[in-house]
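Step one of this worksheet: look at the structure below.
The values are calculated or read from the model by the stated rules, or taken from the named source; none is laboratory data. Everything quoted here is computed from the prediction, not taken from an experiment. Cβ: placed from backbone, ideal geometry, glycine included. Neighbour counts: every protein chain shown.
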């Protein structure tokens, strides 16, 4: 028989994938042992039976679509804690899993969508060819010994991957996606005990890097890509976790997880302009591709904040799953996907109605973190 695939989709191994497919990094879920004995490794069928009887029986939480309760198609789940979910939004029941031997925390694609870059434990970035049978395409070791990759993002044109590295010599690793090799390492000097938490492309040949130390106010560094020098150091709030910019690089936004707010930064003058209140323990942020909205996940209040970037005001908050962390927005700026760490689920949020319209079945042994859309 001939398998009919949705338009624009192809098979990579057993996975249905193509432009707009969601890739989600899952790692081992930390269970609260005070609530009972260690969870047994059950079959998929047993897990589904328990969830059907009592959704809380496996220490996971899920929310049905309020507008269409009980009619959600059943999704595949896996007992493997460390994996990458390949999730086609137009066909959620056809989601598959790329099983990993160790936790994966960060994901990125090159501009063509051919190469997938992953980072977890081990101080390296691994590269996978998604054009055929998902063959390993290389790896780039991070310098400094016992390195941790805290952030992985592509340049605006997808030509380079930028990795924020925490090590004995913390800095930014630059990977050329045409050669799949590391081409530069930019050490960050004078951090005074702080560590880089996020790196993104900034205006006119610069990188924007958030750095922080526990329970202290952080800074946003503006790093010259050619020289590796820090040309601006901008004060932000306590323990910044993410930075995002408008498409024209005019404005920058930094989430301050311990301050419960977002610092607005003028990227022409490189000065902080003010603070926007959000929820409890904001984590990741993203400006929609049309530049009109800033989205922020609030780990401690289980919400997604939606901010009008022109008015610099909060438009609303959307209830999602428990402990939202990572997020990604579709190219048309209409949908946001949110990774709910404690719930073990992915929420789909309609940015026109500001409502959660879908949430996946929970992974009983795994927590989602970073997620990306395939270009």
Legend entry - Candidate set from region 169-180 (those that are touching a strand residue (DSSP E or B) at 6+ places or on another chain (Cβ under 7 Å) and more than 28 Å from residue 246 (Cβ to Cβ)); member that is surrounded by the most Cβ atoms within 10 Å (Cβ to Cβ): 180
Inset, instruction - Give the number of residues within region 328-345 that are touching a residue at least 40 places away in the same chain (Cβ under 8 Å) and in a loop (DSSP other than H, G, I, E, B). - result: 8
Legend entry - Candidate set: region 215-259, residues that are free of Cβ contacts under 8 Å to residues at least 40 places away in the same chain and surrounded by 24 or more Cβ atoms within 10 Å (Cβ to Cβ); chosen: the one nearest to residue 186 (Cα to Cα): 221
Inset, instruction - Would you check if residue 204 is farther than 24 Å from residue 167 by Cα and outside any strand (DSSP E or B)? - result: yes
Legend entry - Residue in region 132-168 that is nearest to residue 212 (Cα to Cα), counting only those that are loosely packed, with under 15 Cβ neighbours inside 10 Å and modelled with pLDDT under 95: 168
Inset, instruction - Test residue 222 against the criterion of being in a strand (DSSP E or B) and farther than 18 Å from residue 303 by Cβ, and give yes or no. - result: yes
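Conditions (1) touching a strand residue (DSSP E or B) at 6+ places or on another chain (Cβ under 6 Å); (2) outside any strand (DSSP E or B); (3) touching a residue at least 24 places away in the same chain (Cβ under 8 Å); (4) surrounded by fewer than 21 Cβ atoms within 10 Å (Cβ to Cβ), marked per residue:
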position	(1), (2), (3), (4)
301	no, yes, no, yes
310	no, yes, no, yes
314	yes, no, yes, yes
326	yes, no, yes, no
Inset, instruction - For region 137-150, indicate whether the set of residues that are closer than 25 Å to residue 249 by Cβ and in contact with a strand residue (DSSP E or B) (Cβ under 9 Å, 6 or more places away or on another chain) is non-empty. - result: yes
Inset, instruction - Inspect region 207-214 for any residue being in contact with a strand residue (DSSP E or B) (Cβ under 8 Å, 6 or more places away or on another chain), surrounded by fewer than 22 Cβ atoms within 10 Å (Cβ to Cβ) and part of a strand (DSSP E or B) and give the result as yes or no. - result: no
Legend entry - Scan of region 349-369 for residues that are more than 17 Å from residue 76 (Cα to Cα) and either crowded, with 24+ Cβ neighbours inside 10 Å or within 15 Å of the chain's Cα centre (by Cα) (or both), ordered by number: 349, 369
Inset, instruction - Could you check residue 279 against (1) crowded, with 21+ Cβ neighbours inside 10 Å; (2) part of a strand (DSSP E or B) and say which number it fails? - result: (2)
